[in-house]
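First the structure, in the form of structure tokens, and then the observations on it.
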Amino acid sequence: MATKRVAICAVAQHKNEPDLWYRRFQNMLLDVLEDLQGQTGFKYGEGGVEMIVSTSDDFFDARTISNNGVTDVIGGQYLAEEKMAQEGLNAIGYANAIILSGHKDLVLIMGHCKESQGESRNMITNCGFDPFYGRATGLDYLNAAGLQARAYMKKSGLTDDQLAEIVVRSRQWAVKNPYANAQEAIPAGKVKSSPMLCDPIRQLHAYPVSDGAVGLLLASEERAKEFTDNPVWITGFANCMDTFFFGDRDLTSNFALKKATANACRKAGIQDLKKAADVVEVMDCYAYQQPMWMEGLGFCGEGEGGRFIAEGGPGKHRVNLSGGTLAGNPLIIAGLYRAAEATLQLQGGAGDRQVPDAKCAVAHSTNGPAGQFHSVLILEA
Amino acid sequence: MKKHIKNRNVAIIGIGQTTLSSHKEDQNQVEMVSEAVRNALADANMTLDDIDCIVHGNMELFEMQFQPDMWHALGCGSYGKDEYRITTGGTVGATLVCASDSLVASGQYDNVLCLGFEKLQEGNTTGGITNMADPLWFRNLQTGALTSTTATEMIKEFGKERVLRAAMKYRIMIDKHAMLNERAHRRLGLEYDQLETLMETSPQLVGELRLIHMCSQSDGACAMILTSEDRVKKGTAKPPVWIRDHETSHRGENMSNLYGAKKPKSTHRDCAEKLFKRNGIENPLEYFDVFEMYDPSAYWGLDWLREFLLLKDDEVLKLMEAGEFDMDGKLPVNPSGGVIASNPIGATAMLRPAEAALQIRGDAGGHQIKKEVRHALASGFGGTLWTVMLMLEKELNW
Amino acid sequence: MAEFFGTTVADIFNTMPKRFKPEASKGVDVVIGYDCGGEGGGKWKLTVKDQTAKIETVEGDLGPCTATITASDAETFIGVTLQKIGAIDALSQGKMRVVGDTRMLMTLLPQIFVQYTVPEKKTEVTARGILSAIGDRFRPDKAAGVTLKYGYDLTGEGGGQFTITITDGTCTLKEGLDADLAVKMTMEAATYVGMMTGTIDGASAFTSGKVRIDGDMMAAAATGKYFDKYVDPNAEEAEELLSLKVVTSINQRFATGPVMGKWFAGLRDKKLLASVCPLCKRTLILPQEICQFCHVRTTDYVELGPEGYVTNFDLVYFASPDPLTGEVRDTPYACAWIMLENATPEEAFAFEINRKDLSKLKIGSRVRPVWAEKPTGSFRDILHFEIID
């Protein structure tokens, strides 16, 4: 009989840095690996880890089969290794399925990305649009977010002042997170006067260019105790895809996020996520996304994002105590950093950020232009 | 070794392929992908509403499209559904089937559609392959995917004449299989009496690797639908093909340590040993009724048969020489014409379990093996000599 | 079929679907029967409804029609259609009869159909013909700086021997095969024509031996570059497909890191360094952060070689083009696997061999590195490995 549930036994994070020019992915991942091995004592091979799910992106790495450069570090020699080629939170969903299926009882997840390597992450995301129309018009994930931000601010009443408030709060929490990139405290005035990147998104509303790596060890219920006294259980995971052309989407509807949330909650047996969750980590690349994704997750009503911020929603619901992606994560593994923080909170390992008695956490990530694709992970202690 | 326990059984119930050609200029990526998806749904007599998850994967730099599954949402039916994007290397097609198997077996999803595709002419394949190598060093040495080192090793062991003849015989046999498969891309109409002439006249690419030995490039897509045992019990349009087990074996990026004074074990043999041991299969040559093997070249085809079937010494050459890998041989290999005949890289490794499944169903048309096919083996290759293997069964009785 | 005025009655009807103008037939709902007598004749029925046209041949009775046109013979029918014979004359002479609204027919038909014209005779395409016009397709801009002489030996009917010389931005063709060809391609003339008109797949023809190459294969592959694609004069206009050609490149700054940094620093000192696994003692070359077999960090380094022996090699005749520049390396060249002194048995080192030594290269050859005069810590520090006699 295969296992009934899967635990995250341990997480290890490489500090998010603005420019790790002096380290290769291999160096970064080795640090993460040693951290995980130190915490859990896991071994590779028969009876140990036989499967690794890596996360990286070929464009960001400028390398086809980007995982092949790190196979030796992450332990793929004569073992099974597969790459989650989309946002890393899905690696957890996939690894969860691998263990539930009975195929393996341990899975190691190792993700890496350096936004600083290429001359422009916007040039990369521009290639995410179709070659004939989207790319030619110069769309990239930044200006796509600009379009969505403008529409959402109109719908929800979110103001420029509130955007600044979100950024200020992110920094206040990031300074307590040893793994965060942007920890410098900044006053709201500075955010509001930072140069416009893409109206209404200002420079300080945007997540800084970041380099990082994250590792997690997942185990079946039967084996989790070999590696940790604090297993964090995966009780629900789902993701959902919206359609591609902006003209076919309502950019403010959170269609995909709502569906993913509903499915994840159903699997976790949760009726009201905003009551159940003690900690929330959302992938907010741009300030407007924090309230917008919170609305999609069901923490406020339709179009109530402005109100959510005004009423101190993020504080009340313990949103992004890590500083969130706004404090700087590289694009393809931001979700793994969200999951890492959520796990630490449930293990009681979140230091100054610790929410007392945290029992249930939500980690979220998004992929594609203007949140075309969303993933929701529900964890319980 | 711990016995392998599957949470629930998974079957392939739908298979769809597009035509393969060297330049599919009349379709864009989305249209091509959509064709494969629609063919798979038609094959299974299902609609998109029945599918709850799509599994996508490819190597981005081949088509120069960042996170292509976003654009392809228009063609692969992932709108409003769960979706995963998983890649490995050339093995990706097979990996997607393995991943889909895990997703269904886990109980998290009931009906999963996986999709592999290639539109090589939209990018630069050699560029794509060369870009696999470490930019700091190996990229300067890399010649793409062409190498004769395996031929050299085999020649060292068995002698030049014998190896060259066996490899050419393999090539002609593969072409004969391709001629029976109307979907195959390269069908040359070769005859065994051309063996000596081809050995001499086919232009040399690298060492003893000649043009005739190598696979080429194709555009095309393949989609498969997997479902749980419960659904199969309710009735399916085509006979189900059960996924018994699968395994993957990788290795690091360094290609230098392959031909030292001591050669390492191949990932092929490693994967086969693990897979067969835990399934109690002592003699794969006897057990399997068909083998769809990922064979990028005739030499690799020959060498890897030895590795996968755990053969010793010159057993593989003897079997080749005796015609035991022919359509009516002991273990037919690549009745579809294999990779040498058709190679849409992103889909190639999926075509192997797809073709193996068609054989079990009895659905392979012109290239159907006459004897009953109950146990099938499929393999994928890619990356820096990575291996993926799948075992398929006609009945749930293992 | 009987031909008059250079065409047949059947061709007029066969081309009706192509000549039909749907927009012009809005609101039209008619069935027109045609009955042409004599040799080359026949019966056809045209149904125009809902902006579509259906043409079918009819055996026996035409059935109910809005109007019928009857011609006594094919010559009359074709002649009237082409306006070589006046319709009024034909009607007066009784060679043509119309049952139904004649005036309607005379205004309607030209409205909903493009006027029929006699198709041009198919041009005969021969190998000789294609080659003799090769100069018209030559692209001097693509052949700048190229000097190449190659030949075709076309066998069978319609064949011949030809030498093409490209030099100084010009291209000349002459009969016969010169002695100093870079490459000669031998094939049946019909195969050549098939490849040029696209009915035979070139790659398959090369691979299956239908085309034989004597000489420099790279040169043979290059010839296509210097000419515009041959256009089959008889090919129907294919649907024009748009394609977007673009080069995507994003500048990168790759990190070296301490371990690769050490390797490059070693090269600068003309040393080949390997990292050593503390557990299994393998000498990993190129140095790695970790031993992939033992999963532990490597910390020690050891110098290997400089001499070693060859265990395997790839002698490359066909080089793949560089993805960014399109440049192709000169062939032949060889990449060898080398067991350097002090290396543990599995850890070979791969590098290029001195082109001058290719003829001597064997398994077991002893080799040593040849260094650049002033190594700077890069791939170019090692020029190649040479064979020690």
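Taken together, the values in this text are just the output of simple stated rules run on the coordinates, not laboratory data. Values in this document were obtained by computation on a predicted structure and should not be read as measured data. Backbone-built Cβ (ideal geometry, glycine too); neighbour counts: all protein chains shown.
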So which of A:Lys43/C:Lys281; A:Lys43/A:Lys114; B:Lys238/B:Lys318; A:Lys154/A:Lys274; A:Lys4/A:Lys258 end up more than 30 Å apart, counting from Cα to Cα? B:Lys238/B:Lys318
Around C:Glu289, what is the net charge, scoring Lys/Arg as +1 and Asp/Glu as -1 over all other residues with Cβ under 9 Å from its Cβ? +1
Hey, got the average number of other protein chain Cβ atoms within 10 angstrom for residues in C:305-318? 6
Compute the length gained on full extension between A:Phe132 and A:Gln271: take 0.36 nm times their separation in residues and subtract their Cα-Cα distance, giving the result in nm to one decimal. 45.7 nm
Treat every Asp and Glu Cβ in chain B as -1 and every Lys and Arg Cβ as +1, leave all other atoms uncharged, and give the resulting dipole magnitude about the Cα centre to the nearest 20 debye. 900 debye
Please identify the helices of chain B, taking whole runs of DSSP H, that span at least 18 Å along their own axis as judged from the Cα atoms and have a mean Kyte-Doolittle score of -1.0 or higher. B:29-44, B:92-105, B:160-180, B:345-361
Would you mind ranking A:Tyr337, A:Tyr141, B:Tyr84 by Cβ crowding within 10 Å, fewest neighbours first? A:Tyr141, B:Tyr84, A:Tyr337
Per residue convex hull volume, Cα only, region A:73-219, in Å³ is 181 Å³
Across B:104-110, the residue-averaged tally of Cβ atoms belonging to other chains within 10 Å stands at 6
Sort region B:269-339 into rounded, prolate or oblate with this rule: let a ≥ b ≥ c be the square roots of the eigenvalues of the Cα gyration tensor; rounded if a/c is under 1.5, and if a/c is not under 1.5, prolate when a/b is larger than b/c, oblate otherwise. rounded
How high is the relative contact order of chain C? Use alpha-carbon pairs under 8 Å, at least six apart in sequence, and give a whole percent. 9 percent
15 Å beta-carbon shell around A:Tyr22, net charge (K/R +1, D/E -1): +1
Quick one: if the Förster radius is 60 Å, what FRET efficiency do C:Asp269 and B:Glu182 give, using the C-beta to C-beta distance and rounding to 0.05? 0.45
Would you mind computing, in nm to one decimal, how far apart the modelled labels at C:Ala203 and A:Asp357 are, each placed 7 Å from Cα along Cα→Cβ? 6.7 nm
Compute the FRET efficiency between C:Cys294 and C:Val231 as 1/(1 + (r/R0)^6), taking r as their Cβ-Cβ distance and R0 = 56 Å, and round to the nearest 0.05. 0.35
Evaluate peptide B:185-198: per residue, the Cβ atoms of other protein chains within 10 Å of its Cβ; return the mean as an integer. 2
Once phi is turned into θ = phi - 60°, what whole-Hz ³J(HN,Hα) does the Karplus curve with 6.51, -1.76 and 1.60 give for every residue of region A:6-17, x standing for Gly and Pro? 10, 10, 8, 8, 7, 10, 9, 10, 8, 4, 6, 10
Ranked B:Asp43, A:Asp211, criterion: other C-beta atoms within 10 Å, fewest first: B:Asp43, A:Asp211
Treat the count of other C-beta atoms within 10 Å as a stand-in for reagent exposure and order B:Tyr259, C:Tyr116, C:Tyr317 from fewest to most. C:Tyr116, C:Tyr317, B:Tyr259
Classified through the alpha carbon gyration tensor (a ≥ b ≥ c as square roots of its eigenvalues; rounded if a/c is under 1.5, else prolate when a/b is larger than b/c, else oblate), the protein assembly as shown comes out oblate
The local net charge around A:Leu89, scoring Lys/Arg +1 and Asp/Glu -1 for residues other than A:Leu89 whose Cβ lies under 11 Å from its Cβ, equals -1
Positive-end residue of C:Leu177, A:Ala268, C:Ala343, charge dipole of the protein assembly as shown with Cβ unit charges: A:Ala268
Counting DSSP beta bridges with both partners in chain C, what percentage is antiparallel, nearest 5? 85 percent
May I ask you to give the average projected area over all directions of the convex hull of the Cα atoms of chain B, in nm² rounded to one decimal? 18.6 nm²
How high is the relative contact order of chain B, in percent, counting Cα pairs under 8 Å that sit 6 or more residues apart? 26 percent
Can you give the % of DSSP beta bridges in chain A that are antiparallel, to the nearest 5? 75 percent
With DSSP loop assignment and no more than 10 other C-beta atoms within 10 Å, the GluC sites (Glu not before Pro) in region C:69-171 are C:Glu120, C:Glu124, C:Glu157
Remind me, relative contact order of region A:109-215 in percent, using alpha carbon pairs under 8 angstrom and six or more residues apart? 36 percent
Per the rule of 0.36 nm per residue minus the C-alpha distance, extending B:Leu396 to B:Lys234 adds in nm 56.8 nm
GNM on chain C, Cα springs under 10 Å; top mean-square fluctuation among C:Thr331, C:Thr170, C:Thr102 goes to C:Thr102
For an R0 of 22 angstrom, estimate the FRET efficiency from the Cβ-Cβ distance between B:Arg374 and B:Lys312 and round to the nearest 0.05. 0.25
Grab the Cα-Cα distance for C:Asn14 and C:Leu177, subtract it from 0.36 nm times how many residues apart they are, and report the gain in nm with one decimal. 54.0 nm
